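Okay, so here's the structure we're looking at.
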Amino acid sequence: MIWVTGYGTKSDIWSLGISLVEMAEGIHPYHAAHQQAFMLLKLIMDKPAPTLEQNERFSNRLSDFVNRMLQVWSLVLSSTCMIMIGLENTG
């Protein structure tokens, strides 16, 4: 069996957040890195996380939920439960 370190639930949460932003906005947040893996990794690590802005299309609750998923460094320190607790506290 092969074990991959550094990948797990937190990576899945972040990926879901990216997918939700793409579905909501109609364009991938990192579209500038089109098929360039190193550039994509550099953008993810060096730039601020993408966000889903609250506006007439997206509620504050949805924006907050998605944006919590996209906090790369806070995901290292938090857990799925903390994201869900935050969602419960906004409603």
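Here is how the numbers come out for the structure above:
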read-out	value
Hz values of 3J(HN,Hα) by residue in the range 42-50 - Karplus curve (6.51, -1.76, 1.60), Gly and Pro given as x	5, 4, 5, 7, 9, 9, x, 4, x
Extension gain, ALA37 back to PHE58 (0.36 nm per residue minus Cα-Cα distance, nm)	4.6 nm
Phi to ³J(HN,Hα) by Karplus 6.51 cos²θ - 1.76 cosθ + 1.60 over the range 9-25, Hz, x for Gly, Pro	4, 5, 5, 5, 4, 4, 4, 4, x, 4, 5, 5, 4, 4, 5, 6, 8
Nonlocal amide H pairs with LEU52, under 5 Å, H built at 1.01 Å	ASN67
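No value in this document is a laboratory result; all are computed from the given coordinates. Fair warning: this is a prediction, and the values are worked out from it, not measured in the lab.
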